[in-house]
1. Going through the cross-link list Lys26/Lys119; Lys61/Lys95; Lys32/Lys119; Lys26/Lys120, which pairs have a Cα-Cα distance over 23 Å in this structure?
2. Within the set of other residues whose C-beta is less than 13 Å from the C-beta of Arg82, count the net charge using Lys and Arg as +1 and Asp and Glu as -1.
3. Can you put Lys95, Lys119 in order, fewest other beta carbons within 10 Å first?
4. Give the shape of the stretch 23-64 as rounded, prolate or oblate, defined through the alpha-carbon gyration tensor: a ≥ b ≥ c are the square roots of its eigenvalues, a/c under 1.5 means rounded, and otherwise the shape is prolate if a/b is larger than b/c and oblate if not.
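No lab work stands behind these numbers, since they all come straight from the coordinates. Predicted model, so just to flag it, every value in this text is computed and none were measured. Quick reminder, even Gly has a Cβ in these numbers, built from the backbone with ideal geometry, and neighbours come from all protein chains shown.
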Amino acid sequence: MRSSPPVQQNNYSGLLDNLENNRTGKLAVPVKDGVAFIHTNDIIRMQADGSYTHIYTSTEKYTASKNVKEYEDLLQDMNFFRAHHSHLINLIHVKHFSRVDGYFAIMSDGSSVEVSRRKKDHFCNL
């Protein structure tokens, strides 16, 4: 009989878990063709898209097969802030806070991310 694929899948999952739980400053992101290793300081923001997450860096956009809540849990001690239900931002990339027509964090790439009303005070006190 042939060896079963679940063993390989378990090894792959174990690798991802080890990388995610270690504090190397890199995030192992499952992508369509494998795994991307992204330094957390390079991540500008993450945007929810159902059960997927779009991860934006200054040079690339990744689409990962995990929801934004999973990334929020992984990055909770690493300068990331859940600004809105669908947005997780890296605080080192915030350049400006705007109160024009709502509350928005202006990021280093020029993008504008909505900050929810209930999280505005917490955000401003960081």
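1. On the way: Lys26/Lys119 27 Å; Lys61/Lys95 20 Å; Lys32/Lys119 33 Å; Lys26/Lys120 28 Å.
The pairs that break the limit, which is 23 Å between Cα atoms, are Lys26/Lys119; Lys32/Lys119; Lys26/Lys120.
2. Taking every Cβ under 13 Å from that of Arg82, the sum is +1.
3. Working: Lys95 10, Lys119 16.
Listing Lys95, Lys119 from fewest to most nearby Cβ atoms yields Lys95, Lys119.
4. Numbers: a/c = 1.67, a/b = 1.24, b/c = 1.34.
In terms of gyration-tensor shape, oblate.
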